[in-house]
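Down below is the structure, laid out as structure tokens.
The values are calculated or read from the model by the stated rules, or taken from the named source; none is laboratory data. Here the structure is a predicted model, which is why all the values come from computation and not from measurement. Note that we place each Cβ from the backbone using ideal geometry, even for glycine, and neighbour counts take in every protein chain shown.
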Amino acid sequence: MARVPNFIWKLSAPVIAGTVFCTALAAQPVSKGNAEAKAAIEEAASYRDKHDLRAANIAALNAIKADPKWPMGHIARAEISLGLFDALTAKVELEKALSLGVPRSEINHLVGEALWLLGEWDLAEKTLMQDGLTPGRRLYAERILGRVYMDKGEMAKAGKAFDRALELGPTDSMVWTDIGRFRLVSGDQKGAIEASDQAIKLDADNVRALEFRGRMVRDQFGLAPSLPWFERVLSISPDDVPSLEEYAVTLGELGRNRDMLAQARKIISLSRKNGRAYYMQAVIAARAGDYGLAQRILGLAGSGINELPGAMMIAGVSEYQTGNLNKAIDLFKRLLDAQPHNIAARKLLAQSIYASGDAEGALDEIKPLASRADADSYSLKIAGRAFEARGERGKAAGGLDASSIPELRKMQPLSVFLTDAGVANAASKNPDNARYVIPHIRVLMRRKQLGPALSLARRLRTKNPGVANAHLIEGDVLMDGGSLKTAIDAYNRAAAISFTEPVMLRLSEAYRQQGNGKAQRDRVTAFVANNPTSLPALRLFAYYHLDDGNWDQAIAPLEYVLWKTGYNDSILLSNLARAWSGQGDQAKAASYAAIAYRIDPANPMVTHVYGQILLRSGKRPKAAHELLQKAALLLPKNKQVQADLKKALKAEAK
């Protein structure tokens, strides 16, 4: 007799035997399954055990073809389809099984999962809560019920569902995987890591747990350390589309565009309508400057992906670059409606509006950024140009001058669209929820009420020890109060949970203020090793090497930043000029310095560097003298500028 595959035992023995069930839907006696169908199901089980669900699906189809009246073939294909996230096929096959007389209580756990994946959450909830499930099926149903509640935003109910699932199956790897997802969504990053580790400990080949852990490693440590996790998944299940997507995205963020493209093409070969894969290809086209191709590819991605923020950003940039300013403005406005705090989108919208000739509109959009204490030079420049177009030259000069000053400004959070009283009220109603308490702490910090702010931050951290932001806000309050050592301790605790760019920047600044250059550089270097495409980290990394005279090690990261951001940052270009000059290539250094000077001729640092490089080249002593004379006027107390000016006077006199 043929071996009965494991998943067949999800049905009761009478069903496997093919007993006729007296239901209104059963038009004909249920088949017991012929030999060919049983062999095909056994083959499907074998493929499934090897994590080859696509081959398993074909085998299940063969079983249905061999004996369409046998419920097992339909149920097997439904279960396999759920593993492939093909909920529609699963639902169709389960309906066929019901029509052949299978009782609902035998398959409600699977029906509920299909309904959940289809977005029919209320119906899924009702289905999964039906009585009559065996303990094994009840465990499955409670786990899916937890996911339903998560999607509905009913986190308390979700937690109770996962508690019930864990009670029924404390050693079930998938239960621990979904508990990890629940903890992550709840903000408990540390707890999520522990749950995923437990899931993998229980089943080292749990594809979903490994993929989830890879995403958390990417958030916790950076891009590069996450790659082995995704590669491990793909060694187990080479055609797992969710893991292929995460792997491809990570490769792209690491700058490995060809590798990302190869993975995107593989995804499309497996899932022809996969919008995320088309989006990846559009990103590559945009990075290459082929914005027309990016637009055409996004057209293939489907309406679903085109409503996602990343796709709207690429589409908006493509429309802007191809001169379709009105379309670009519309896209950036829609993106800001979805993400009001998206700084990049606001800058692009302001730039698009300015380019369309509406200086007033551009100023309205850029004001929230340009008026901040940490306003970046690009925002200040847009504001300055907008004032200039309005004829307000005094205000324009202020903005343009501020944009030309090389300064690292402490990052501030974007303001929330609530009154201080509203923020305080929300925090009082949710005293342990970081989402509500952190804005209130920042209000107190702004008012210099650091004592109450620190008390709230410490309470929040105590109640949420696994939330990186709870440690981060405590560090921010301590930094504002001048308690560098304890602030650094708080930031390091945050880094142990999730070593993100904001954590790295805060640690770098704290160590700088402490005078601990070695720790500062070590932290930034470690971050760059794991996140080699982080532009702020690469800048800091390069600047350390500039200070040390390690020209080669400074040039590579600065050239990468230039490639990613374009020739619009005078400070970046001047530092590249310094690096190339230090290496001995004065011609290349002069080229970069000249571009920087054309962008910001009033910038004292840019003027000084350009004069220095021309002086070193010895080819244009008069120009070098004039530039250094101007730099001396801008920086009258700078000893290095005065020394270079004296050298220039001697060089010109020869």
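Key figures for this structure:
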| read-out | value |
| --- | --- |
| Residue match in segment 270-290 (condition: of a type in the set (S, T, N, Q) and touching a Leu at 6+ places or on another chain (Cβ under 7 Å)) | yes |
| Qualifying position, being among the basic types (K, R), out of contact with any Leu (no Cβ under 9 Å at 6 or more places or on another chain) and either farther than 29 Å from E245 by Cα or free of Cβ contacts under 8 Å to residues at least 12 places away in the same chain (or both), among K96, K69 | K96 |
| Search result, residues across segment 220-252 that are within 17 Å of F499 (Cβ to Cβ) and either surrounded by 18 or more Cβ atoms within 10 Å (Cβ to Cβ) or among the hydrophobic types (A, V, I, L, M, F, W, C) (or both) | Q220, F221, G222, L223, A224, S226, L227, W229, T250 |
| Test for K429: is it over 27 Å from A529 (Cα atoms), modelled with pLDDT under 90, among the charged types (D, E, K, R) and out of contact with any helix residue (DSSP H, G or I) (no Cβ under 6 Å at 6 or more places or on another chain) | yes |
| Flag for E307 being within 20 Å of N568 (Cβ to Cβ) and either in contact (Cβ under 8 Å) with a residue 40 or more places away in the chain or in the same structural domain as L293 (by TED's automatic domain parsing) (or both) | no |
| Check on A554, buried (at least 24 other Cβ atoms within 10 Å of the Cβ), under 24 Å from L535 (Cβ atoms) and of a type in the set (G, A, S) | yes |
| From L335, L363, L325, L369, residue being aliphatic (A, V, I, L, M), farther than 26 Å from A596 by Cβ and at pLDDT below 80 | L363 |
| Total residues in segment 146-174, condition under 16 Å from L117 (Cβ atoms) and crowded, with 17+ Cβ neighbours inside 10 Å | 6 |
| Every residue from segment 133-145 that is farther than 11 Å from E113 by Cα and in a helix (DSSP H, G or I) | P135, G136, R137, R138, L139 |
| A602, sole failed condition from (1) assigned to a loop (DSSP other than H, G, I, E, B); (2) under 29 Å from V503 (Cβ atoms); (3) of a type in the set (A, V, I, L, M, F, W, C) | (2) |
| Members of segment 147-189 that are of a type in the set (K, R) and more than 24 Å from the chain's Cα centre (by Cα) | K157, K160, R164 |
| Only one of A457, A421 that is without any contact (Cβ under 8 Å) to a residue 60 or more places away in the chain, surrounded by 14 or more Cβ atoms within 10 Å (Cβ to Cβ) and assigned to a helix (DSSP H, G or I) | A457 |
| Single unsatisfied condition, T607 versus (1) assigned to a helix (DSSP H, G or I); (2) polar (S, T, N, Q); (3) out of contact with any Lys or Arg (no Cβ under 7 Å at 6 or more places or on another chain) | (3) |
| Inter-residue pairs, beta-carbon under 6 Å, first within 16 Å of P135 (Cβ to Cβ) and in segment 102-120, second at pLDDT below 95 and surrounded by fewer than 22 Cβ atoms within 10 Å (Cβ to Cβ), 6+ apart | S105/G132; E106/L11; N108/Q130; H109/R137 |
| Where a residue in segment 623-642 is of a type in the set (D, E, K, R) and its partner, wherever it lies, is in a helix (DSSP H, G or I) and crowded, with 16+ Cβ neighbours inside 10 Å, with Cβ under 6 Å and at least six apart | K630/T607 |
| Residues of segment 297-350 classified as among the polar types (S, T, N, Q) and either in contact with a strand residue (DSSP E or B) (Cβ under 9 Å, 6 or more places away or on another chain) or buried (at least 17 other Cβ atoms within 10 Å of the Cβ) (or both), total | 4 |
| Qualifying positions in segment 115-150 - closer than 17 Å to L82 by Cβ, at pLDDT 95 or above and of a type in the set (K, R) | R143, R147 |
| Only one of R276, R258 that is closer than 30 Å to A537 by Cα, out of contact with any helix residue (DSSP H, G or I) (no Cβ under 8 Å at 6 or more places or on another chain) and modelled with pLDDT of 90 or more | R258 |
| Single residue of A282, A311 found to be assigned to a helix (DSSP H, G or I), among the small types (G, A, S) and modelled with pLDDT under 90 | A311 |
| Identity of the residue in segment 596-618, touching a residue at least 60 places away in the same chain (Cβ under 8 Å) and surrounded by 24 or more Cβ atoms within 10 Å (Cβ to Cβ), that ends up nearest to I571 (Cα to Cα) | V606 |
| Candidates R265, R287, filtered to the one that is basic (K, R), surrounded by fewer than 18 Cβ atoms within 10 Å (Cβ to Cβ) and within 20 Å of the chain's Cα centre (by Cα) | R287 |
| Residue in segment 210-224 that is in contact with a Gly (Cβ under 8 Å, 6 or more places away or on another chain), of a type outside the set (D, E, K, R) and either in the same structural domain as D259 (by TED's automatic domain parsing) or free of Cβ contacts under 8 Å to residues at least 24 places away in the same chain (or both) present | no |
| Qualifying residue in segment 17-30 (condition: farther than 30 Å from P242 by Cα, at pLDDT below 95, part of a helix (DSSP H, G or I) and of a type in the set (A, V, I, L, M)) | yes |
| Test: residue in segment 253-261 that is buried (at least 19 other Cβ atoms within 10 Å of the Cβ) and under 30 Å from R48 (Cα atoms) | yes |
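Quick grid of which residues meet (1) part of a helix (DSSP H, G or I); (2) touching a helix residue (DSSP H, G or I) at 6+ places or on another chain (Cβ under 8 Å); (3) hydrophobic (A, V, I, L, M, F, W, C):
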site: G33; (1), (2), (3): no, yes, no
site: E42; (1), (2), (3): yes, no, no
site: I75; (1), (2), (3): yes, yes, yes
site: K91; (1), (2), (3): yes, yes, no
